[in-house]
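Peer 1: Here it is, the structure, as structure tokens.
What follows is calculated from the coordinates using simple rules that are stated; it is not laboratory data. Predicted, not measured: the structure shown is a model, and the values here were computed from it. When we count neighbours, we look across all protein chains shown, and the Cβ atoms used for this are built from the backbone with ideal geometry, even at glycine.
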Amino acid sequence: MDRAQNKPSDENGYLVVQASTAGGAIPLEGAKVTVRRYESEAASSPEILGDAVASLTTGRDGRTPQIPLTAPPRANGNTPNGGPPYALYQVEVTLEGYYDQTYVGVPVFAGITAVQPAVLIPLSERGTVNTPRPEDRRYFETPSNQL
């Protein structure tokens with residue numbers, strides 16, 4: 001097999017989603033992961049984002065396969081007007097019996113594999129007044145000052 005075929009492309013970035021529970025201690029198999037392109041004008045209404053660019057399911061280890069995603073050249077960061085050297089994505093993670101999780105503004109850099117942890121919270125067997133409704137979705141935004 002040709003080694004060049006296994007080398008990551010500098011034109012793509014890569015993402016792996018790690019779904020777990022119990023503070024990250026227990027991997028979750030079978031979580032559905034949907035990745036969408038994140039557009040800044042849709043930031044206030046994530047529900048209106050476009051079609052999914054990837055849909056996967058986590059394996060026994062709680063991880064998705066490596067997802068190739070479009071990312072701008074890293075050289076963009078070398079010039080003042082080159083634009084950002086990363087692309088932003090939205091990652092949605094769902095699993096029956098757990099609250100849905102949505103991560104917005106996940107950065108992906110060309111030639112680099114990012115790992116997005118998704119620690120899912122189990123639904124309560126007996127709801128109480130203080131328990132969020134199962135249809136509630138939790139959003140996590142990546143602070144822009146960390147990029």
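Peer 1: Suppose the chain between GLN66 and THR113 were pulled fully straight at 0.36 nm per residue; how much longer would it get relative to their current alpha carbon spacing?
Peer 2: Residue separation times 0.36 nm, minus the Cα-Cα distance, leaves 16.1 nm.
Peer 1: Counting Lys and Arg as +1 and Asp and Glu as -1, what is the net charge of the other residues whose Cβ lies under 15 Å from the Cβ of ALA54?
Peer 2: Charge balance in the 15 Å sphere: +2.
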